[in-house]
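Trainee: My questions will all concern the structure given below.
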Amino acid sequence: MSTKTESRDKAEGKGTVQTYGNFIDGKWQKAKSGETFASISSADQNEVVGHFALSGPDDVKAAVDAAERAFTAWRRTPAPARAELLFKAAQLLEARKEELARTMTREMGKVLKEARGDVQEAIDMAKYMAGEGRRLFGQTVPSELPNKFAMSVRAPIGIVGVITPWNFPVAIPSWKMFPALVAGNCVVFKPATDTSACGVMLVEILNEAGFPPGVINLVTGGGGKVGMALVNDPRVHAISLTGSTTVGRQVAGRCGELMKRISCELGGKNAICVMEDADMDLVIEGAVWGSFGTAGQRCTATSRIIVHTKRYKEFCEKFVERTKQLKLGNGLDADVEVGPVVNRSQLESIHEYVEIGKKEGAKLLYGGNILTHGEFANGCYHEPTIFGDVKPDMRIAQEEIFGPVTAIIEVKSFEEALKVANGTDYGLSLSMYTQDVNRAFMAMQELESGIVYINAPTIGAEIQLPFGGVKQTGNGHREAGVAAIDQFTEWKSIYVDYSGRLQKAQIDAYETHE
Ligand code: NAD
């Protein structure tokens with residue numbers, strides 16, 4: 001088994017920047033092409049976080065070969081023994097939490113407190129899924145025939161391809177890999193290129209926890225080459241993808257052709273609804289956190305705020321005032337509340353939406369600029385941006401922006417708020433602020449989303465409940481909670497006939513009056 005240090009090649013004359021390989025069959029190795037790419041810090045585009053293997057289909061093939069070799073022994077390993085390795089991983093993640101969080105902040109920009117939260121989600125998930133090693137519940141049900149036993153058990157799917165985005169670079173891979181592993185699958189993991197360092201560190205930790213060679217493999221590189229090669233390999237039985245709806249549609253389409261299981265966690269256009277009886281102080285704190293936490297780059301970020309006309313003016317004023325106080329900067333500084341966005345192209349795409357909003361006639365209440373002065377000069381910083389007078393059908397109210405931009409929409413009633421909240425193609429997270437218990441329950445019933453919050457913003461999921469969305473946000477699967485196990489197992493139904501004779505279900509009637 002290779003050690004952590006073996007994963008780090010010499011710096012290749014690039015100062016202290018290190019070069020990292022793929023992790024295949026328990027060994028760190030260069031891409032077959034020998035080429036690398038750089039991961040750049042969001043806060044300083046001149047800072048290279050690391051060089052990573054620029055992989056292609058041959059590397060994916062080698063990883064799948066390794067996973068295939070490892071699979072039989074791994075699926076035969078008792079689930080509680082598989083789980084022990086996840087407990088160990090949880091401990092190692094705890095020990096390296098700070099190091100991992102700092103790498104994350106450097107690499108993709110989220111502020112350190114949030115980066116620690118990202119790692120904590122992985123720790124929580126490791127412990128939760130380790131517990132599953134002693135559950136993995138199936139069912140026993142009565143048979144309609146005498147002396148016959150009926151049960152279902154879970155079987156692993158086989159080799160799982162894990163394709164992840166950059167915005168939760170430790171949490172999201174953990175949500176996928178940990179349930180897949182405890183259920184007895186082998187994994188080939190492709191992290192987003194922008195967060196390859198986080199991906200490498202996570203795999204180093206899993207390797208240190210003692211997973212056998214081939215059970216976990218890491219291949220770094222782009223979606224078109226590495227991601228698609230994973231999707232296309234017939235020996236990869238399931239793909240678990242989190243990313244944009246555009247990529248989801250493409251990957252799911254291909255998986256459909258190949259009859260391959262695919263779970264997609266995709267975009268969102270999440271909304272907070274603020275009713276006339278809402279506790280405004282609570283709303284303002286929630287709206288700021290939901291809109292500008294992780295610089296608005298959460299799939300659950302609050303990108304619409306639907307406010308009752310009676311509180312509209314008050315909300316707009318207080319929200320802008322509170323937003324003005326946010327401290328922007330490098331997320332490594334303890335007092336910074338909003339960090340940079342992930343990269344230049346994301347920055348430009350966010351800013352395009354600001355221009356679109358202006359052209360559509362929305363009122364720019366605050367922000368709207370890319371920051372280029374002083375400490376922001378080399379980073380990817382966008383001001384927190386608030387649009388008022390947004391109409392529900394404007395593009396900034398319909399399309400995912402994935403940055404610190406939020407749209408305030410005025411409504412005249414509770415019913416209209418529900419209609420507007422539900423009026424997008426997405427359905428990840430919706431929230432209702434009200435003091436009225438009847439309206440709260442009505443909102444829980446009527447909001448069309450995988451996640452509903454009452455008197456809390458659209459972000460803040462915990463790992464013990466299912467996570468995912470409806471409509472264009474997903475394709476019916478859920479991560480986290482016990483639901484995650486369904487994504488990574490096949491049901492096997494087993495009948496044991498101990499009557500000693502042929503019994504025909506639905507044909508032989510059991511006589512009750514012998
Ligand atoms: P993205 O869709 O660009 O990329 C996601 C992953 O897919 C990356 O690893 C990428 O390399 C890979 N990929 C790209 N093209 C591919 C292809 N043709 N075949 C296979 N793989 C391919 O998304 P991103 O920019 O990394 O992340 C932001 C998006 O992720 C947002 O839309 C956000 O809403 C979404 N997201 C959703 C959730 C959720 O749970 N619903 C959580 C986090 C992020």
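The values are calculated or read from the model by the stated rules, or taken from the named source; none is laboratory data. This is a predicted model, so every value here is computed, not measured. Don't worry about glycine lacking a Cβ; one is built from the backbone with ideal geometry, like all the others, and counts go over all protein chains shown. For accessibility, only protein heavy atoms count, side chains too; no ligands or nucleic acids. Shrake-Rupley method; radii C 1.70, N 1.55, O 1.52, S 1.80 Å.
Trainee: Please pick out the residue among Ala271, Ala301 that is more than 10 Å from the ligand (Cβ to nearest atom) and touching a residue at least 40 places away in the same chain (Cβ under 8 Å).
Mentor: So the residue among Ala271, Ala301 that is more than 10 Å from the ligand (Cβ to nearest atom) and touching a residue at least 40 places away in the same chain (Cβ under 8 Å) is Ala271.
Trainee: Okay, moving on. Given the criterion of a type in the set (S, T, N, Q), modelled with pLDDT of 95 or more, surrounded by 14 or more Cβ atoms within 10 Å (Cβ to Cβ) and touching a helix residue (DSSP H, G or I) at 6+ places or on another chain (Cβ under 8 Å), identify the matching residue among Ser42, Ser2.
Mentor: Numbers: Ser2 fails: modelled with pLDDT of 95 or more.
Exactly one residue qualifies, and that residue is Ser42.
Trainee: Say whether the condition of being of a type in the set (A, V, I, L, M, F, W, C) and open to solvent by 80 Å² or more (accessible area, probe 1.4 Å) is met by at least one residue in the range 475-486. Step through it out loud before you land on a result.
Mentor: Initial filter on the range 475-486 (of a type in the set (A, V, I, L, M, F, W, C)): 480, 482-485.
Subset that is open to solvent by 80 Å² or more (accessible area, probe 1.4 Å): 482.
Yes, because at least one residue in the range 475-486 is of a type in the set (A, V, I, L, M, F, W, C) and open to solvent by 80 Å² or more (accessible area, probe 1.4 Å).
Trainee: For Leu241, all conditions in the list (1) within 16 Å of the ligand (Cβ to nearest atom); (2) not in a strand (DSSP E or B) hold save one; what is the number of the exception?
Mentor: In the conditions (1) within 16 Å of the ligand (Cβ to nearest atom); (2) not in a strand (DSSP E or B), Leu241 misses (2) alone.
Trainee: For the range 306-418, please list each of the helices (runs of 4 or more DSSP H) lying entirely inside it that holds at least 2 residues being within 16 Å of the ligand (Cβ to nearest atom).
Mentor: Of the helices (runs of 4 or more DSSP H) lying wholly inside the range 306-418, those with at least 2 residues that are within 16 Å of the ligand (Cβ to nearest atom) span 344-360, 395-398.
Trainee: Next question. Could you list, in sequence order, the residues of the range 493-514 that are part of a strand (DSSP E or B) and open to solvent by less than 100 Å² (accessible area, probe 1.4 Å)? Even if it seems obvious, please write down each step before you answer.
Mentor: First, the residues of the range 493-514 that are part of a strand (DSSP E or B): 493-497.
Listed by number, the residues that qualify are Ser493, Ile494, Val496, Asp497.
Trainee: Restricting to strands (runs of 3 or more DSSP E) lying wholly in the range 138-234: which have 3 or more residues that are in contact (Cβ under 8 Å) with a residue 60 or more places away in the chain and more than 9 Å from the ligand (Cβ to nearest atom)? Steps first, please.
Mentor: Details: elements: 139-142, 148-156, 159-163, 186-190, 216-218.
The strands (runs of 3 or more DSSP E) meeting that bar are 148-156, 159-163, 186-190, 216-218.
Trainee: Under 6 Å between Cβ atoms, at least 6 apart or on separate chains: pull out the pairs that start in the range 412-431 with a residue that is open to solvent by less than 20 Å² (accessible area, probe 1.4 Å) and end on any residue that is among the charged types (D, E, K, R) and in a loop (DSSP other than H, G, I, E, B).
Mentor: These pairs meet every condition: Thr424/Lys269; Gly427/Glu448.
Trainee: Tally time: how many residues in the range 459-474 are away from the ligand (no atom under 12 Å from the Cβ) and crowded, with 19+ Cβ neighbours inside 10 Å?
Mentor: Of all residues in the range 459-474, those away from the ligand (no atom under 12 Å from the Cβ) come to 460, 462-465.
Okay, now just the ones that are also crowded, with 19+ Cβ neighbours inside 10 Å, so 463.
Going through the range 459-474 one residue at a time, the tally reaches 1.
Trainee: With in contact with a strand residue (DSSP E or B) (Cβ under 7 Å, 6 or more places away or on another chain) and open to solvent by 10 Å² or more (accessible area, probe 1.4 Å) as the only criterion, which of Lys269, Lys260 stands out? I'd like the intermediate steps shown before the answer.
Mentor: Values: Lys269 fails: open to solvent by 10 Å² or more (accessible area, probe 1.4 Å).
None of the other options fit; the residue is Lys260.
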